[in-house]
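Heads up: the structure comes next, in structure tokens.
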Amino acid sequence: MSELDAVYAFLVAAAVSALITPLTARLARRVGAVDEPRDRGLALRPTPLMGGLAIFAGAAVAGGLFLPSASPWPGILVGAAIITVTGLVDDLFDLPPAWKLAGQSAAALVAVRAGAVVHDFTLPFVGVLHFPHAGGALTLLGLVGLMNVVNFSDGVDGLAAGVCVIIAATLAVIAFDLGHGAAGVLAALTAGAAVGFLFHNFPPASSFMGDAGSNLLGFLMGALTVEGAVKTPVVISFVLPLVLLAVPFLDTTFVVAKRLKYRRAITRADTEHFHHRMARIGFSQRRTLLYLYTWTVMLAGLALALRFIPYSDHHGHLHAGWSLVVLAIGLLVAAASVYLVYVLEILKLGRITARTRPELSAAEVQAQVTEQLETGEFRTVERPAPPPSR
């Protein structure tokens with residue numbers, strides 16, 4: 001499969017998804033699949049769900065045209081259909097967590113049985129790790145995990161779709177370079193389907209993807225990770241998906257860790273995601289997207305640098321000059337990540353606290369900010385009323 005196939009697949013998937021999204025929105029309103037504004041959400045108006053059906057339509061049409069009929073690609077498309085249906089049922093009837101997990105597992109099992117399995121991968125400084133008997137089970141767990149990671153991170157207009165566009169496009173470039181043309185086409189059509197939906201999902205969104213879309217994108221991200229990167233003897237291949245998926249992984253890790261810390265159910269929704277925290281400290285939805293998109297683009301740049309900068313001969317010998325370049329890029333991305341996750345939030349919250357609580361000293365402001373960040377409980381900040389006009 002060629003890069004031109006990937007371009008055509010991207011365009012077809014984007015066109016189909018963009019054209020069908022308004023139709024899914026109308027259908028959602030008719031059947032009552034409408035997301036109402038709620039305390040933990042950032043939406044300001046009722047918004048139809050079922051946009052995931054348009055994403056699947058774009059991916060399925062492009063996949064049918066441009067993906068090979070050989071295994072595992074038909075199985076991956078069937079698995080995508082299963083998880084989309086599961087998500088649609090959840091959007092309509094709010095399935096119990098066990099039923100959601102069953103649907104995710106069924107979709108993953110179909111893909112695994114079709115051949116999307118990692119039997120071994122190469123770790124830097126360790127070598128090849130083989131899983132002759134446990135590969136299928138580990139791959140299934142990984143696919144289910146990625147579905148939940150993307151599902152957890154879908155909480156603000158345009159976030160999950162935009163982040164997945166960046167990740168999938170980067171994986172397409174890497175997959176072609178690794179000689180995995182079919183995986184590159186799958187990555188391209190995934191990016192295209194998400195782009196087409198993003199036309200209607202960028203804030204203010206006219207359609208939400210719902211669990212159907214977020215689980216579908218998570219499933220496709222998992223399939224891309226398996227077929228496009230991990231199943232290769234290249235040493236750095238296992239690291240690349242971890243770098244690319246760092247934003248949704250970190251978001252999910254922080255949220256789950258806090259729920260465990262305070263003995264809350266992992267499946268219980270809350271307002272501790274990155275986008276919720278940014279909203280609490282005064283960020284608009286678009287500004288939140290700008291920061292999270294930029295963070296993801298920087299991580300994508302690091303992944304591409306690790307793949308294309310010739311810092312090693314892949315036999316254990318490093319080239320000093322190019323290694324320093326990669327190290328510098330890595331340090332820059334790490335510093336930006338720390339800034340976005342921690343420093344930015346503290347400084348912004350500190351300024352808001354100082355402005356709304358002028359009676360507090362600098363030390364008291366810092367102590368209050370530290371307590372709020374630790375507990376996740378924030379005072380309501382009210383904008384002062386404007387002075388009366390004369």
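A few points about this structure:
- Amide H contacts for Phe121 (H built 1.01 Å from N in the peptide plane; partners 5 or more residues away or on another chain; cut-off under 5 Å): Leu129.
- Amide H contacts of Asp35 (H built 1.01 Å from N, in plane; Pro and chain starts excluded): Thr47, Leu49 sit under 5 Å, all sequence-distant by 5 or more or on other chains.
- Alpha-carbon centroid distance for the pair region 200-270 / region 49-119, whole angstrom: 15
- Treating each Cα of region 3-248 as an identical point scatterer and summing with the Debye formula, the log10 of I(q)/I(0) at q = 0.07, 0.13, 0.16 Å⁻¹ comes to -0.21, -0.72, -1.08.
- If you take the alpha carbon atoms of region 202-246 and fit the smallest convex hull around them, that volume is 78 Å³ per residue.
- Packing-based ranking of 290-303, 62-75, 179-192, 101-114 yields 179-192, 101-114, 290-303, 62-75, ordered from highest to lowest mean Cβ neighbour count within 10 Å.
- Sorted by Cβ neighbour density within 10 Å, fewest at the top, the residues Lys100, Lys231: Lys231, Lys100
Laboratory data are not the source of any read-out in this text; all were calculated from the coordinates shown. As the structure is a prediction and not an experimental result, all values here were calculated from the model. Positions of Cβ are generated from backbone atoms using ideal geometry, with glycine treated the same way; all protein chains shown enter the neighbour counts.
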